[in-house]
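The values are calculated or read from the model by the stated rules, or taken from the named source; none is laboratory data. Since this is a predicted model, take the numbers as computed values, not measurements. Here Cβ is always computed from backbone atoms with ideal geometry, including for glycine, and neighbour counts include all displayed protein chains.
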Amino acid sequence: MSIWDLIAQSGQGFIKLAADRLQFRLPTDPVPAEWHNILASSVPLASRLATADHDLVLRVARLLLEEVPFEGCGGLILTDEIQVTIAATAALLIYRLPYPRFTKLVRVLVYPDTFVPKKSESRYDRMVVESDPSLGQALMSGVIVLSWEDICRDAANHDLRGSVVLHEMAHILDAEDGLFDGAPVFDDMAQGAEWARVLKREFGRQQDAVNAGDDPPLDDYAARNHAEFFAVATEAFYCTPERLRATLPALYEQLQRFFRRVGPPISG
């Protein structure tokens with residue numbers, strides 16, 4: 001019996017209580033009209049959302065911007081476009097979830113282009129080492145480091161490039177239990193045991209394909225570890241949902257359940 005089986009048996013009442021009490025308290029004031037223009041022009045992944053969902057995503061983005069410091073680095077001057085683009089893209093992951101997420105996120109650092117990877121601040125910190133860490137990085141301390149140039153390139157072709165914002169924010173979701181392990185905190189704890197079984201099976205298949213030199217179902221980098229598998233799978237779920245559903249239907253179903261999406265998720 002896995003730890004998720006034990007939690008599912010004993011912890012469901014606690015999770016329900018937390019979900020009931022820890023609801024989003026979103027800003028009620030209308031978001032600036034310009035934000036809708038930014039969402040339309042700079043966040044193509046939101047193009048399939050209903051109009052009502054546009055407003056909800058932007059209100060979640062507003063809450064994120066109010067609670068988490070965003071800092072321009074390397075001479076970058078933060079504009080509304082930069083901040084709203086990043087926050088709204090991140091909000092796509094959580095705007096349907098029933099209670100606050102990104103609880104580990106404490107700061108977002110944005111560079112104009114590539115950057116020198118930030119090192120862990122202490123031996124107790126942990127970071128996810130990316131294939132190209134000069135474009136994006138997540139630390140267990142809650143710091144996210146991004147490249148604005150790379151974000152813009154992603155937006156021009158999500159089908160091929162994915163999304164560095166979704167990738168790094170997926171790591172932050174993953175880290176809410178204190179570990180980069182590919183298992184986020186599920187509001188439906190019964191899903192935890194199911195996710196563990198699907199993760200073990202599909203991660204094994206991914207590794208086998210990469211090791212054999214075959215075409216894996218996800219980007220090669222997903223074979224690195226469970227944390228990267230979850231982050232890459234999250235990118236695929238939002239950026240190439242039809243492909244993911246066709247190649248990894250069980251994984252697609254688990255992500256659809258976790259992110260509370262009905263039908264095909266958004267895609268550019």
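Data for the structure
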quantity	calculated
Counted residues, segment 145-192 - those being within 17 Å of Leu45 (Cβ to Cβ) and in a helix (DSSP H, G or I)	20
Residue in segment 162-182 that is surrounded by fewer than 20 Cβ atoms within 10 Å (Cβ to Cβ) and over 18 Å from the mean Cα position of the chain (by Cα) present	no
Phe259 vs. criteria closer than 22 Å to Gly136 by Cα, modelled with pLDDT under 95 and of a type in the set (A, V, I, L, M, F, W, C)	no
Test set (1) touching a residue at least 24 places away in the same chain (Cβ under 8 Å); (2) assigned to a helix (DSSP H, G or I); (3) under 27 Å from Leu146 (Cα atoms) - Trp195 fails condition number	(3)
Single residue of segment 76-86 satisfying the filter (of a type in the set (A, V, I, L, M) and part of a helix (DSSP H, G or I)) that is surrounded by the fewest Cβ atoms within 10 Å (Cβ to Cβ)	Ile82
Qualifying residue in segment 87-107 (condition: without any contact (Cβ under 8 Å) to a residue 40 or more places away in the chain, in a helix (DSSP H, G or I) and basic (Lys, Arg))	no
Test: residue in segment 54-73 that is modelled with pLDDT of 95 or more, exposed (fewer than 15 other Cβ atoms within 10 Å of the Cβ) and outside any helix (DSSP H, G or I)	yes
Count of segment 180-202 residues which are hydrophobic (A, V, I, L, M, F, W, C) and closer than 20 Å to Met169 by Cα	6
